[in-house]
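Trainee: Take a look at this one; I'll ask things after.
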Amino acid sequence: MLQRCLDLLAPALEGPDAVVVDCTLGLGGHSEALLARFPGTRLVALDRDKEALRLSGERLAPYGERATLVHAVYDELPEVLHRLGIARVQGILFDLGVSSMQLDEADRGFAYAQDAPLDMRMDQTTGVSAAEVLNTYPPGELVRILRAYGEEKQAKRIVGAIVREREKEPFSNSARLVELIRDALPQAAKRTGGNPAKRTFQALRIEVNGELSVLERAIPAAVKALDVGGRIAVLSYQSLEDRLVKQVFAAGAATTAPPGLPVVPERYQPRLKLLTRGAELPTEEEIAENRRAAPARLRGAERIREDVE
């Protein structure tokens, strides 16, 4: 859905001296496309993964000073812009979830299809790993995580098996966890929704990286950083992320006036205009080209006025 993202952002980035922020740099594919399509635009790109920054730095080197890459989590956007002396930006792009590099590097432990150390940290220099979560969290907390972040209906059954197994030997690798989940689930649960470990792995990844709490802070901060006329596009890959983005955009696009006012004062007028009707889905062609695009949901919005106190 890269082309659609570029088209959504285009009206805000075609003028001179525009600044666009790629909040999820990854391997730099989106950033490279932004720099190529909008030759007058400066890019600021964030990523918490130092290896991603190194690889994308090589990819974006031909663009020289037009590209500024920063080691940061995307909820740190206000601090990053302040350090760079940038008051407002004209475009912001989020491509949420796990990057292809992280999925494809076996030793990161994100993918349930291959055996790997249970790490799952996007920034491997800080925080607790997925193995530490599995081996040390109380059973009740593990159940909450699997239900809240993985929407896993069989959370109690899976956690019961995890607790029994970790008493025998701590978890360290993904294959053992995948096998445990397969054995713990009833046959009916294995016949739906792809790999039965998918929801547990998603829940662990979200917990390890604090993804939802980071996103809760990041999307409102990004909207606030937009200039009037600036645009934001967000690609999410699971319902929890998409719901959060939807709520922030819907709140910004709604009037906050008390009911019954004959004229709505400026301070109650919407700050955002929605650019997508609901969440846009990838085309069949896009899914055929990249199977990982299948769950993608795209939402866009434009900042239409300043906050009025």
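The values are calculated or read from the model by the stated rules, or taken from the named source; none is laboratory data. For clarity, every value in this text was computed on a predicted model and none was experimentally measured. All Cβ positions, even for glycine, are placed from backbone atoms using ideal geometry, and neighbour counts span all protein chains on display. To get the accessible areas, we keep the full protein, side chains included, count just its heavy atoms, and leave off ligands, DNA and RNA. Shrake-Rupley method; radii C 1.70, N 1.55, O 1.52, S 1.80 Å.
Trainee: Among the listed residues Ala288, Ala253, Ala301, Ala279, which satisfies the condition of being closer than 24 Å to Leu34 by Cβ, open to solvent by 20 Å² or more (accessible area, probe 1.4 Å), modelled with pLDDT of 85 or more and within 23 Å of the chain's Cα centre (by Cα)?
Mentor: Ala279
Trainee: Under the condition of being in contact with a helix residue (DSSP H, G or I) (Cβ under 8 Å, 6 or more places away or on another chain) and not hydroxyl-bearing (Ser, Thr, Tyr), which residue from segment 262-276 is least open to solvent (accessible area, probe 1.4 Å)?
Mentor: Leu272
Trainee: On the basis of being assigned to a loop (DSSP other than H, G, I, E, B), in contact with a Ser or Thr (Cβ under 9 Å, 6 or more places away or on another chain) and at pLDDT below 90, does Pro295 make the cut?
Mentor: yes
Trainee: Working only within segment 150-189, note down all residues that are open to solvent by 20 Å² or more (accessible area, probe 1.4 Å) and not in a helix (DSSP H, G or I).
Mentor: Glu151, Lys153, Gln154, Glu169, Pro170, Ser172, Asn173, Pro186 - these are the residues of segment 150-189 that are open to solvent by 20 Å² or more (accessible area, probe 1.4 Å) and not in a helix (DSSP H, G or I).
Trainee: A further question on this structure: Only one residue in Arg48, Arg66, Arg83 is of a type in the set (Lys, Arg) and buried (at least 16 other Cβ atoms within 10 Å of the Cβ), so which one is that?
Mentor: It is Arg48.
Trainee: Output the residues belonging to segment 101-143 that are surrounded by 15 or more Cβ atoms within 10 Å (Cβ to Cβ), in a loop (DSSP other than H, G, I, E, B) and modelled with pLDDT of 95 or more.
Mentor: Tyr137
Trainee: Quick check: anything in segment 220-238 under 17 Å from Glu151 (Cβ atoms), open to solvent by less than 20 Å² (accessible area, probe 1.4 Å) and not polar (S, T, N, Q)?
Mentor: no
Trainee: Now for a different question. Residue by residue through segment 1-45, note down the ones that are out of contact with any strand residue (DSSP E or B) (no Cβ under 6 Å at 6 or more places or on another chain) and surrounded by 22 or more Cβ atoms within 10 Å (Cβ to Cβ).
Mentor: Those that are out of contact with any strand residue (DSSP E or B) (no Cβ under 6 Å at 6 or more places or on another chain) and surrounded by 22 or more Cβ atoms within 10 Å (Cβ to Cβ): Gly26, Gly28, Phe38.
Trainee: Take Arg217 and decide whether it is open to solvent by 50 Å² or more (accessible area, probe 1.4 Å), within 28 Å of Arg4 (Cα to Cα) and not hydroxyl-bearing (Ser, Thr, Tyr).
Mentor: Yes; evaluated as a whole, the condition is true for this residue.
Trainee: For segment 16-42, enumerate the residues that are of a type outside the set (D, E, K, R), farther than 15 Å from Ala233 by Cα and not in a helix (DSSP H, G or I).
Mentor: Pro16, Ala18, Gly26, Leu27, Gly28, Phe38, Pro39, Gly40, Thr41 - these are the residues of segment 16-42 that are of a type outside the set (D, E, K, R), farther than 15 Å from Ala233 by Cα and not in a helix (DSSP H, G or I).
Trainee: Quick check: is even one residue across segment 263-271 in contact with a Cys (Cβ under 8 Å, 6 or more places away or on another chain) and closer than 25 Å to Pro16 by Cα?
Mentor: For segment 263-271, residues in contact with a Cys (Cβ under 8 Å, 6 or more places away or on another chain) and closer than 25 Å to Pro16 by Cα: absent.
Trainee: Of all residues in segment 64-100 being of a type in the set (Ser, Thr, Tyr) and modelled with pLDDT under 95, which is farthest from Gly29 (Cα to Cα)?
Mentor: Per the criteria, the residue is Tyr74.
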